[in-house]
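Contents: one structure, followed by commentary.
The values are calculated or read from the model by the stated rules, or taken from the named source; none is laboratory data. Only a predicted model underlies this, so the values are computations on that prediction, with no experimental measurement involved. Note: ideal-geometry Cβ built from the backbone for every residue, glycine included; neighbour counts use all protein chains shown. With ligands, DNA and RNA removed, areas are computed over all heavy atoms of the protein, side chains included. Shrake-Rupley method; radii C 1.70, N 1.55, O 1.52, S 1.80 Å.
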Amino acid sequence: MNAHSDPGVSGTPVPPAGYKDAPYDVELVAVSKSYAGTIAVDTISLRIPKASYCCLLGPSGCGKSTTLRMIAGHEPVSAGDILIGDRNVTDNPPIARGTSMMFQNYALFPHMSALDNVAYSLKVRGVPKDERRARAREFLDLVQMGQYAERPPALLSGGQQQRVALARALITRPRVLLLDEPLSALDPFLRERMRGELKRLQRELQISFVHVTHSQDEAMALADLVVVMEAGHIRQAAPARDIFEKPNTAFVARFIGGHNVVPGGNGSIAVRADRCRIGSSADQARLTGHVSSVEYLGALVRVGLIGDNGLEAAALISDRTFFAAPVEPGQAAALTWSDEDAHALAD
Amino acid sequence: MMTEGGQPRSRSFYVLGFFFLLFLAFLYGPMIVIFVLSFQGPNGGMSFPMVGTSTTWFQGLLQATGRVGDIPSAFQRSLGLALLAAALTAVICVSAGMGFRRRFPGAALLFYTAVASLVMPSLFVSFGIALGFKELGWRTGLFTSGLGAQLTWTLPFGLMITFATIGRFDRRYEEAATDLGANSWQRFRDIIFPIILPGIIGVALFGFTLSYDEFARSSLTVGNQNTLPLEIWALTTAATSPVLFALGTVTTVVSFTVLTLAMLTIGLIVRRRAGGRLSAERSAHG
């Protein structure tokens, strides 16, 4: 488990030489991708600081996977430059970029054992069999898969396959690990556990992870840098807390969830649902209407509200507050919040 | 009366069932008859009743007498030709299949040009090749014009199976290999080839059986030495003994043996991939 901590041993998962030089692990400079007339990614620029966990977040078709594949070198860019560390790798093949990719559904070679899967990158480089198998074992141990080394992928569970795929990607000693929807094939329980492990690995290895997901929860839980994408554009790139507290557009506020987007003085404002209260129209009502739904979530209760103007909104209130003065669907109600909780949106 | 879930069978079941039985009778009936008659007693004739049983006629196969023709040599020729045709079919079809993965202008036209051979009348293909060789002043021969004629038959089938096999190949495996630094040859050797191997064995098997019992396209192109089907054809018109049946039994056994071997190999590969040999270990681990 400490294989990574000794930089002197060759083949252990330490960052490659020259790692400390550049302040950014990944830099996208006005990168575009178009396919026969349709633009998938439109002139995006992004800097991912070294050793950070970055999530590309957005609805399907927003260009996040294409962006990841362009960083990996599996998709040529139509315009722009990609830098890994301080090297421009725009025209480099995948292996010469310092990146490594973990594919959606893992793409483990079905005819090879877990060990041979992990050792494959060493095999193509001509590392002798005993040496590459020994090193592959180290990496299988790193992801706690040492005991399954001889099994073919078909005999591994989804979570185990993912660990093998991780080991296979990490053995190339990438500076940046690219993960394409790595958790979407797992059941919810396993998903949360693997989420924790990904974060732990990233922290231990001190390399950057770029993780594509459509799940806000995943991005919030993992990322140092959340990049919200829509229609081929980056709408906001900021730490998770900044995104949640200061979403810059109505799209980001809605997509990240937990916000009400309502008309304000100049343009829209976002206000977090957990900062809203349900009250009668007497006290400082901001939005009057009637209760449309009540969802009991355990610690919290989500009260949906349809305003008289047709606007949908919600309040997340603690179970204690809710049950002190419960409301029912159909009942007239009003949403209130404090001025300091309203956050103006750009558009 | 057969029923399923208490419901009586519909009339279409019996109509279709009868049709299927008819099909089975046409397919296996003659084979069974030939198989039984090949064990005809030494004094028996070419039809029932059986006059005792013996293996006399199988021994007759091995003797290259004038009356029977040279069966062992014809068999060897056919086997050699079929193995070569199978190998060439596999190699050419996989190469073409890999090439066709990249879309290029005229790909569809090229494909249809190649598989159009399936609808060409075999006898005329054979005749045309023989004529062409004659015009050019070349002599037709087993491994020249004969092999070529057979490939016009095995390649189109092989191409279609190969395209289906390669079409099913998940390109993400290849991308993963690229990501890990494999060059195009390593990708093919280590990833694509092993994964599509069961399909390739199927292609080779098809090439073998199509070549092994091909008659029409061989008839005018193999030169002065007969392949087994041509020898058999000569026998059916000339022979008057159950040697013919013994021959039928042996060739059928050869075909089934090849088929079984190929299927076993494919099954072994698939099972190894599914981890069959490790399932005991897995249940031990829980």
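Listing for the model above:
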read-out: Which numbered condition B:Ala246 misses (of (1) assigned to a helix (DSSP H, G or I); (2) open to solvent by 30 Å² or more (accessible area, probe 1.4 Å); (3) modelled with pLDDT of 80 or more); value: (2)
read-out: Residue check for A:Ala185: in a loop (DSSP other than H, G, I, E, B) and open to solvent by 10 Å² or more (accessible area, probe 1.4 Å); value: yes
read-out: Residue within region B:61-79 that is over 22 Å from B:Thr144 (Cα atoms) and in a helix (DSSP H, G or I) present; value: yes
read-out: A:Gln147 being polar (S, T, N, Q) and either over 26 Å from A:Arg97 (Cβ atoms) or in a strand (DSSP E or B) (or both); value: yes
read-out: Hey, A:Gly37 within 14 Å of chain B (Cβ to nearest Cβ) and at positive phi or not; value: no
read-out: Sole exception among (1) more than 24 Å from the chain's Cα centre (by Cα); (2) open to solvent by 60 Å² or more (accessible area, probe 1.4 Å) for B:Gly45, by number; value: (2)
read-out: One residue from A:Pro110, A:Pro76, A:Pro93 being open to solvent by 10 Å² or more (accessible area, probe 1.4 Å) and more than 9 Å from every other protein chain (Cβ to nearest Cβ); value: A:Pro76
read-out: Positions within region B:218-240 being over 22 Å from the mean Cα position of the chain (by Cα) and part of a loop (DSSP other than H, G, I, E, B), in sequence order; value: B:Gly223, B:Asn224, B:Ala239, B:Thr240
read-out: Only listed residue being open to solvent by less than 50 Å² (accessible area, probe 1.4 Å) and more than 14 Å from chain A (Cβ to nearest Cβ), chosen from B:Pro194, B:Pro156, B:Pro198; value: B:Pro156
read-out: Candidate set from region A:139-163 (those that are of a type in the set (D, E, K, R) and at the interface with chain B (Cβ under 8 Å from one of its Cβ atoms)); member that is most open to solvent (accessible area, probe 1.4 Å); value: A:Glu150
read-out: Residues of region B:220-243 that turn out to be among the hydroxyl-bearing types (Ser, Thr, Tyr) and crowded, with 20+ Cβ neighbours inside 10 Å, as a count; value: 2
read-out: Test: residue in region A:127-138 that is closer than 30 Å to A:Glu27 by Cα, open to solvent by less than 20 Å² (accessible area, probe 1.4 Å) and in contact with a helix residue (DSSP H, G or I) (Cβ under 6 Å, 6 or more places away or on another chain); value: no
read-out: Odd one out for A:Asp242, checked against (1) buried (at least 19 other Cβ atoms within 10 Å of the Cβ); (2) among the acidic types (Asp, Glu); (3) without any contact (Cβ under 8 Å) to a residue 24 or more places away in the chain; value: (1)
read-out: Region A:230-239: number of residues that are closer than 20 Å to A:Ser52 by Cα and either modelled with pLDDT under 90 or open to solvent by 30 Å² or more (accessible area, probe 1.4 Å) (or both); value: 4
read-out: For A:Cys276: the one exception among (1) open to solvent by less than 20 Å² (accessible area, probe 1.4 Å); (2) of a type outside the set (Phe, Trp, Tyr); (3) assigned by TED's automatic domain parsing to the domain that holds A:Thr66; value: (3)
read-out: Yes/no for A:Met102 being open to solvent by less than 10 Å² (accessible area, probe 1.4 Å) and more than 8 Å from chain B (Cβ to nearest Cβ); value: yes
read-out: Extreme residue, nearest to B:Val270 (Cα to Cα), among residues of region A:120-138 that are touching a residue at least 12 places away in the same chain (Cβ under 8 Å) and facing chain B (nearest Cβ under 10 Å); value: A:Tyr120
read-out: Test: B:Arg102 is over 19 Å from B:Asn226 (Cβ atoms) and in a loop (DSSP other than H, G, I, E, B); value: yes
read-out: Answer from B:Leu118, B:Leu147, B:Leu109 - the residue that is part of a helix (DSSP H, G or I) and either within 14 Å of chain A (Cβ to nearest Cβ) or open to solvent by 60 Å² or more (accessible area, probe 1.4 Å) (or both); value: B:Leu109
read-out: Per-region count, region B:163-176, residues more than 7 Å from chain A (Cβ to nearest Cβ) and either assigned to a helix (DSSP H, G or I) or among the hydrophobic types (A, V, I, L, M, F, W, C) (or both); value: 9
read-out: The one condition in (1) touching a residue at least 60 places away in the same chain (Cβ under 8 Å); (2) away from chain A (no Cβ under 14 Å); (3) open to solvent by 30 Å² or more (accessible area, probe 1.4 Å) that B:Phe188 fails to fulfil; value: (2)
read-out: Those residues of region A:251-288 which are modelled with pLDDT of 85 or more and either in a loop (DSSP other than H, G, I, E, B) or at positive phi (or both), in sequence order; value: A:Gly257, A:Gly258, A:Cys276
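Residue by residue, here is whether (1) among the hydroxyl-bearing types (Ser, Thr, Tyr); (2) part of a helix (DSSP H, G or I); (3) open to solvent by less than 40 Å² (accessible area, probe 1.4 Å); (4) in contact (Cβ under 8 Å) with a residue 24 or more places away in the chain holds:
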| site | (1), (2), (3), (4) |
| --- | --- |
| A:Leu28 | no, no, yes, yes |
| A:Ser32 | yes, no, yes, yes |
| A:Ile44 | no, no, yes, yes |
| A:Ile71 | no, yes, yes, yes |
